[in-house]
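Everything below concerns the one structure shown next.
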Amino acid sequence: MEKLVINGGNSLFGSIDISGAKNAAVAILPAAIMAGSGKCVIDNIPDIADINCLERIVEGLGCLVERNGNSITIDSTSISSLNACTEDVRRMRASYYLIGALLGRFKEARVDLPGGCPIGVRPIDQHIKGFEALGAEVKIEHGAVHVKAEKLKGANIFFDVVSVGATINVMLAAALAEGVTVLENPAREPHIVDVANFLNSMGANIKGAGTDTIRVTGVEELTGCNYSVIPDQIEAGTFMIATAACGGEVKINNVIPKHLESISAKLIEMGVDIVEEDDYVLVKSEKNLKGVNIKTAPYPGFPTDVQQPMSALLSISKGRSIINESVWESRLKHVDELKKMGANIKVEGRTAIIDGVNKLTGAIVKATDLRAGAAMVIAGLISEGATEIYSIEHIDRGYPHIENKFKALGADIHRENE
Ligand code: UD1
């Protein structure tokens, strides 16, 4: 069992490079298996456990996968199975993109229901509604989703809730449907646009990604392409928040500042100094920040994935802060861990009322999910004394080498095996 050990109290100085976006990469890999000819060469792939998991899954379907540093080459011309029913598939969320990808290309797929972070009920009714509208028959049997269609035909689909997963999944299937599919009320996250750009590089015809209407004109075949994944908005946000919390000055490279606007705006409101340039942000903080209220929302609102890291910062900010988690029903489980470190937080349903304390103190805690893990790392970095974080496999699912990146900025953090 591995744990992270942190001796808190150091300020952060220097510069770091943000990796490719997890939530884009975990959709782009499944999208790559839609190429009927040629290879997809995808750069800026983050070195995280969820990508390793997806690699194994697509290899299991018969794809040839080659990893070279941050680059992955996928040759999917030799796919021999339309069944993705393995422990890896059940472990991660993004495996559900195999449904849309296989349905689009082969008009059939059997994929085990996905896992992922325990942050609330995670239904896939909007995905199913979209596949059915395209003409597929969808059955859930023995814990797997079975989709099948004679042919897929473009349709108008209005999503009842704004869903990242459903938007991408239906976009995948529609890319190879006959005619035009119009997606209304889609998610607008940067990774939606990235996946659409990737599919267009493969020969798809998708317009409007990033707006309230996406128009997909089906094509007959997709082919291999060269592509580079966008920078990770959430990893960048996490390092911005950590710098704000620890104090110091950090240049955060390889970012798209536009994607960080909602995070930057909140940090500026708290008293952090942020300079935005073309592809980096410079974050300066003298600590003693003031608390703020946050309501998570789909993009361009404040990202739910940054809410937990932000709660660690708010726990030592002056006055009262209120977090309203509007996307997930139970994404405040990490609060009990923060309380072990001295935070003063009361949870009422989806709301956390945080009264800032002067300091946190190191403790033995666990990462209850991926972004909760990032919150515990930040809490450890600002605490007096030593913190040990367990269940860090959650963190490794989405943050590449988190301890090395923080160590390079002057933090006292290392990984230990027990
Ligand atoms: C993705 C991200 C996750 C992020 C979330 C919201 C990946 C791999 N994960 O998750 O990190 O927190 O977006 O930004 O990209 N919903 C339904 N029916 C559906 C689908 C979703 O009711 O069919 C609801 C969910 O319960 C949730 C909300 O819609 O309350 C948003 O979910 P969604 O955007 O689909 O999240 P994921 O794609 O699972």
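Residue 286 - would you say it is in the same structural domain as residue 356 (by TED's automatic domain parsing) and either in contact with a Pro (Cβ under 9 Å, 6 or more places away or on another chain) or open to solvent by less than 10 Å² (accessible area, probe 1.4 Å) (or both)? No; evaluated as a whole, the condition is false for this residue. Only one entry in 234, 268 is away from the ligand (no atom under 16 Å from the Cβ) and either in contact (Cβ under 8 Å) with a residue 12 or more places away in the chain or open to solvent by 10 Å² or more (accessible area, probe 1.4 Å) (or both), namely 268. One residue alone among 75, 17 is over 30 Å from residue 385 (Cβ atoms), open to solvent by 50 Å² or more (accessible area, probe 1.4 Å) and not β-branched (Val, Ile, Thr), and that residue is 17. The sole residue among 27, 35, 31 that is closer than 27 Å to residue 375 by Cα, open to solvent by less than 40 Å² (accessible area, probe 1.4 Å), small (Gly, Ala, Ser) and not assigned by TED's automatic domain parsing to the domain that holds residue 403 is 27.
Taking the criterion of being of a type in the set (D, E, K, R), in contact (Cβ under 8 Å) with a residue 12 or more places away in the chain and open to solvent by 10 Å² or more (accessible area, probe 1.4 Å), the residues of segment 338-385 that qualify are 340, 350, 355, 359, 366, 384. Within segment 93-134, the set of residues being more than 8 Å from the ligand (Cβ to nearest atom), among the aliphatic types (A, V, I, L, M) and in contact (Cβ under 8 Å) with a residue 60 or more places away in the chain comprises 98, 99, 101, 102, 103. Here the condition is being within 22 Å of residue 260 (Cβ to Cβ) and of a type in the set (Gly, Ala, Ser); of 386, 379, it holds for 379 alone. Each residue in segment 201-222 was checked for being in contact with a Cys (Cβ under 9 Å, 6 or more places away or on another chain) and open to solvent by 10 Å² or more (accessible area, probe 1.4 Å), and 2 of them qualify.
Restricting attention to segment 325-355, the residues being part of a loop (DSSP other than H, G, I, E, B), acidic (Asp, Glu) and at pLDDT 95 or above number 1.
Consider segment 386-417 and keep the residues that are within 18 Å of the chain's Cα centre (by Cα) and open to solvent by less than 40 Å² (accessible area, probe 1.4 Å). The one that is nearest to residue 46 (Cα to Cα) is 400.
The values are calculated or read from the model by the stated rules, or taken from the named source; none is laboratory data. Source: prediction; values computed, not measured. Cβ atoms come from the backbone with ideal geometry, glycine included; neighbour counts cover every protein chain shown. Only protein heavy atoms, including side chains, enter the accessible area calculation; ligands, DNA and RNA are left aside. Shrake-Rupley method; radii C 1.70, N 1.55, O 1.52, S 1.80 Å.
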